[in-house]
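Notes follow the structure.
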Amino acid sequence: MEGIFLVTGGARSGKSSFAEKFAESFGNRIAYIATAQIFDDEMKHRVKLHRERRPDSWQTFESPFNAHETIRKIHDVDAILFDCVTIYLSNLICKFENLDDFEKISNAVKKSMEDLISASREFCESGGKIIFVTNEVGSGIVPENQLARIYRDFAGISNQMLAQNSEKIFLVVSGIPIDLRQIQFKM
């Protein structure tokens, strides 16, 4: 889909810094959708660092849930930067008290991603751009605990859904962005 971009990579790979610069390439009217919730001093510090990097002119929307509704409320900007999908997903999964109801969680996650994609398409139809930042979390061992396995699985599924709807997908490794669409194997 033209106008939707995905930036992925490992922890501390430089994803957010790249995505911020990429967003600025579309203009200086940027909306930033922040998905983190602050529960401790570490997250408070992380959020502070992100805020300090962003220009004061950027509009910030805190949206740990129902971000599709936030996207639909944003107008008169050149681009939206959504940081980050995996924290957003974590917020959603952690709302469930019973992790054994895999089907219910699966349906909620898929619906949430479909809503994000639909709202993003609508935004892009009016000429805007939207950049999603996400993490690659499934490259290691299978986690021992249920919550970590559910999170890993749905992060992978969500990333695939976004990638299928993205014009470009950037993998950031050690601060270097790689355009995956340019090297994508075509079947």
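Readers should treat all values here as calculations from the given coordinates under stated rules, not as data from a laboratory. Keep in mind the model is a prediction, meaning the values are calculated, not measured. Because the Cβ atoms are built from the backbone with ideal geometry, glycine has one as well, and the counts that use them run over all protein chains shown.
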Within the set of pairs 6+ apart or on separate chains, which have a first residue in the range 146-172 that is touching a residue at least 12 places away in the same chain (Cβ under 8 Å), a second that is among the charged types (D, E, K, R) and assigned to a loop (DSSP other than H, G, I, E, B), and C-beta atoms under 6 Å apart? GLU167/GLU2
How many residues does the range 1-28 hold that are of a type in the set (Asp, Glu) and not in a loop (DSSP other than H, G, I, E, B)? 2
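So that you can scan it fast, the table gives a plain yes or no per residue for (1) of a type in the set (Asp, Glu); (2) touching a strand residue (DSSP E or B) at 6+ places or on another chain (Cβ under 6 Å); (3) closer than 22 Å to ALA19 by Cα:
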| residue | (1), (2), (3) |
| --- | --- |
| ILE71 | no, no, yes |
| ASP78 | yes, no, yes |
| VAL85 | no, yes, yes |
| ASP101 | yes, no, no |
Hits in the range 151-166 (condition: surrounded by fewer than 20 Cβ atoms within 10 Å (Cβ to Cβ) and either hydrophobic (A, V, I, L, M, F, W, C) or within 23 Å of GLY27 (Cβ to Cβ) (or both)): ILE157, MET161, ALA163, ASN165
Is one or more of the residues making up the range 133-143 more than 21 Å from THR35 (Cβ to Cβ) and surrounded by 13 or more Cβ atoms within 10 Å (Cβ to Cβ)? yes
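When the range 67-91 is examined, which residues are found to be under 30 Å from ALA148 (Cβ atoms) and loosely packed, with under 14 Cβ neighbours inside 10 Å?
First pass over the range 67-91, keeping only residues under 30 Å from ALA148 (Cβ atoms): 67-71, 80-91.
Matches in the range 67-91: GLU69 only.
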Please indicate, with yes or no, whether at least one residue in the range 123-131 is under 19 Å from ALA23 (Cβ atoms), in contact (Cβ under 8 Å) with a residue 12 or more places away in the chain, among the charged types (D, E, K, R) and buried (at least 17 other Cβ atoms within 10 Å of the Cβ). yes
Mind counting the residues in the range 133-155 that are of a type in the set (S, T, N, Q) and more than 27 Å from ASN165 (Cα to Cα)? 2
